[in-house]
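The structure appears right after this line, and notes come after that.
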Amino acid sequence: MTSRKAILSLTAAALCAAVLFFAVYTIAASKARDDLYAAGSRQLQIIALDLQSILDKFESMPFVLGGLADVEQVLHHPDDLSAVKRLNHRLESISAQSHVLAIYMMDANGVTLAASNWREQTSFVGRDFAFRPYYKEALSGRLGRFYGIGNVSSAPGYFMAQPIYAAAASGTDKPIGVMVVKVDLSELERTWNSSEDPITLVDHSGVVFLSNRSDWKYHSLAPLATGLQEELAGTHQYADQRITPVGAMPPALRRGFGEHVMQQIDKQGWQLMLFPSQQRIARMAWLWSMWVGLVLVIAVLSLWAVHQRRRRLQERQESRHALQRIERELEATIAVRVQELRQANQALESKYSALQDTESLLRSTQSELVQAGKLAMLGQMAAGVTHELNQPLAAIRAFADNAVQFVRRGQLPQVEENLEHISNASARMGKIIAQLKGFARKSGDAIAVVDLPQAVDAAVLLLRNECQQQGIRIVVQVRSQVQVMGDAVRTEQVLVNLLRNAIDAIGLHNDADDKCIGIEIERDSEHLQTYALIRIRDTGPGIAAEVVPHLFEAFFTTKPSGKGLGLGLAISSSIVQAMNGQLSAQNLPQGGAEFTIRLPLSEQGMEK
């Protein structure tokens, strides 16, 4: 029921608003029409006065010019060339000073005897204008007025003609000639262009001959009768143009044509018309209607705002009571949650402490595992290292025995040479033992710059004797001097693990013609960050397909029992990952396997 009342109220309000809007629009449109028409009438009165002032200024001019010297002489003796010449010059001078289009004189037959434009190609001299109405009116003793397009010059203008009478002694009262002045009214037309509304000047036939709408010129306000069309054709008033009504023109060209205000120009029989813009009337009516609508909307919004304010105050009061109730409930809930959070925090601290202990144990176990891997590797290399040390020891013993014999014989140069050999062999043993001690010691946590070519040389030194025993060549190619950040000992451990695996793989392929391990060191700039690459290739049988998924898993090995724990590659992968690098493996197309170590370059390595 309430909803139905609301709908009825809204409908009644909408109807009232529509009626009010329509009434305001109607009143405003009527008021705007009256104002525009009154303003148009005042504007036409000013234009009419201006037009009449211009026309009156020139109306007496033909009469005055009829009294010039040589006028009567030329009319009586048109063959007097000197008189004609003087009159032409005189008319030309007056025309230039008065700014009229032309001044010319015709005889009683309508033939022009003298003219201000006698020098021009369109000169009126010798032209017969007897068909023009102004000539006939002047010859009958009246002032002739006429607006039309020039028959010779094609220039429109206003013609004023006065009869010329002979001297009083002649005894005749008939005109002996006609003096004509042609005035340009286009300047007046140009001043109308500033008006938004169409302004036209219409002759007694209803033809528009001046207007600020150029498309309306030489069109009639209403269809012309056949007789009127023939009359215009007989006088050549508008250069024999076919006069059609403005109303028959396309809508775009006759825009604004309709209701008008008019001012009569009595002397000439013209009508000055102004067509107030109907769009402006509608625009002003809409503007007033919109203002009233805006005021109405503001009033409605104000009432709605007052109503809403009352509702908000009521809702605020209710919300305040609800908030107080919720606040009490929330305080009780918070107290419970705080207690639960305190207990959860204590349990979390206990778990975190246990996690730290576990992490410490894991790190210690991982370090011990890495160390165990190195010691296992040393055990595998023990035989080779023993042989590597036995050779210099045997050489030292032989050189010492020889030195004793040379001392007994007094051959001191040979003694000095043997002692030098003993010193070189001892230095070689010291270098091997130092490399073994460095490889076997536990790594610290310190991070330093690692020179990869030096690390490769150290790893090759530990395994060179074993490679020689098995006939394996080691080829090292340093394509770029690179440095990385990390632990030098662990880097060497990774290299030794990979080289040891390569030696074992080649040992499984004893019938190979070329037993070789290739090591390449270079840069990789294909990625956003520049990396160092170490590639270790062997000529072994390659990696079996079933082994690839488990290659870097701990305790996974393909070696016989007792030959390996399966920790080498797992430890190597974890060491490389700890240095933000990557260890990968693949089979080569020509046979054998390739392990690739990718490590980010240090800042010094990038600058090189």
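Key figures
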| item | result |
| --- | --- |
| FRET efficiency for residue 236 and residue 187, using Cβ-Cβ distance with R0 set to 25 Å, rounded to 0.05 | 0.55 |
| Accessible area (Å², per residue) of region 183-240, counting only protein heavy atoms and a probe of 1.4 Å | 42 |
| Long-range amide H partners of residue 113 with built H, under 5 Å | 105, 106, 107, 126 |
| Carbon plus sulfur fraction of accessible area for region 64-104, probe 1.4 Å, in percent | 54 |
| Links that overshoot a 19 Å alpha carbon limit, given the list 182/267; 136/182; 136/267; 57/85 | 57/85 |
| Computed lengthening from residue 316 to residue 39, 0.36 nm per intervening residue step minus Cα-Cα distance | 93.8 nm |
| Region 168-299 - charge dipole about Cα centre, Lys and Arg +1 at Cβ, Asp and Glu -1, debye rounded to 20 | 360 |
| Å² per residue, accessible surface of region 49-93 at 1.4 Å | 56 |
| Cα gyration tensor shape of region 62-104, rounded if a/c is under 1.5, else prolate or oblate by comparing a/b with b/c | prolate |
| Residue 476 long-range amide H proximity, modeled H, under 5 Å | 519 |
| Rounded percent of accessible protein surface that carbon and sulfur make up, region 174-290, 1.4 Å probe | 55 |
| Length gained when the stretch residue 524-residue 341 is fully extended (0.36 nm per residue, less Cα-Cα span) | 60.7 nm |
| Overall form of region 61-184 per C-alpha gyration tensor (a/c, 1.5; a/b vs b/c) | oblate |
| Segment residue 309-residue 143, extension gain: residue separation times 0.36 nm, minus the distance between their alpha carbons | 51.4 nm |
| R0 of 56 Å, Cβ-Cβ distance residue 405-residue 352: FRET efficiency to nearest 0.05 | 0.15 |
| Distance between region 278-354 and region 12-90 - C-alpha centres, whole angstrom | 71 |
| Residue-wise HN-Hα coupling along region 189-196, computed from phi with Karplus coefficients 6.51, -1.76, 1.60 (Hz; x: Gly, Pro) | 5, 5, 5, 6, 5, 6, 7, 6 |
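The values are calculated or read from the model by the stated rules, or taken from the named source; none is laboratory data. The structure displayed is predicted, hence computed values, not measured ones. Positions of Cβ are backbone-derived with ideal geometry, glycine not excepted, and every protein chain shown enters the neighbour counts. We work out accessible area using only protein heavy atoms, side chains counted, and drop any ligands, DNA or RNA first. Shrake-Rupley method; radii C 1.70, N 1.55, O 1.52, S 1.80 Å.
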